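The values are calculated or read from the model by the stated rules, or taken from the named source; none is laboratory data. For clarity, every value in this text was computed on a predicted model and none was experimentally measured. Positions of Cβ are backbone-derived with ideal geometry, glycine not excepted, and every protein chain shown enters the neighbour counts.
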Amino acid sequence: MESNELFALADELRALKEAKKYAEQELKEITEEMDRVDAILAQRMADSETQNFTRNGTMFCLTSTTRASAAAGRKDELFAALREAGYDDLIYETVNANSLSAFVKEQTTENGDTLPQWLDGLVTVFEKTTVGVRKAAR
């Protein structure tokens, strides 16, 4: 590969990473503004007892949803209560993907660069090669 092509791809990657960073920030700001306007519109509709209306071919409906989460520091108690009441199917155990990857890498290193037998078939391991991008030191 010619160095001109290498440099062109490097420039393109850096530009795409920058564009993604700005797009993520813009998306965050748009989402915050949507939430703000949604809350105001919902309040105005509730105040005027307007359940729905159509504007420019779009229907806007006032909806209510109930959301719940475990009280701070009481997740284990909630899980125990759900199990005791027979609602085990609501409980999902998860493992963070990054933590699992780091753990598997550590276990493999400690096992002579081989996946320990007790993990064989339980995890899928693959290598992903990417290009790191950062500002060069002057």
(message) Looking at segment 1-19, can you tell me whether even one residue there is among the hydrophobic types (A, V, I, L, M, F, W, C) and either touching an Asp or Glu at 6+ places or on another chain (Cβ under 8 Å) or exposed (fewer than 10 other Cβ atoms within 10 Å of the Cβ) (or both)?
(response) yes
(request) Scan segment 37-56 and report the pairs whose first residue is of a type in the set (A, V, I, L, M) and whose second residue is assigned to a loop (DSSP other than H, G, I, E, B), with Cβ atoms within less than 6 Å and a gap of 6+ or a chain change. (result) Met45/Leu62
(request) Kindly indicate whether any position in segment 88-97 is within 25 Å of the chain's Cα centre (by Cα), under 28 Å from Gly132 (Cβ atoms) and either among the basic types (Lys, Arg) or not assigned by TED's automatic domain parsing to the domain that holds Val123 (or both). (result) no
(message) Given the criterion in contact (Cβ under 8 Å) with a residue 60 or more places away in the chain and either aliphatic (A, V, I, L, M) or over 28 Å from Leu16 (Cα atoms) (or both), identify the matching residue among Val131, Val95, Val125.
(response) Val131
(request) Kindly provide the set of residues from segment 85-101 that are over 17 Å from Ala68 (Cβ atoms) and among the small types (Gly, Ala, Ser), ordered by number. (result) Gly86, Ala97, Ser99, Ser101
(request) Give me a count of the residues in segment 24-80 that are at negative phi and either part of a loop (DSSP other than H, G, I, E, B) or hydrophobic (A, V, I, L, M, F, W, C) (or both). (result) 32
(message) outside the structural domain of Phe7 (by TED's automatic domain parsing), more than 30 Å from Leu9 (Cβ to Cβ) and either at pLDDT below 90 or within 22 Å of the chain's Cα centre (by Cα) (or both): which single residue out of Ala137, Ala72 fits that description?
(response) Ala72
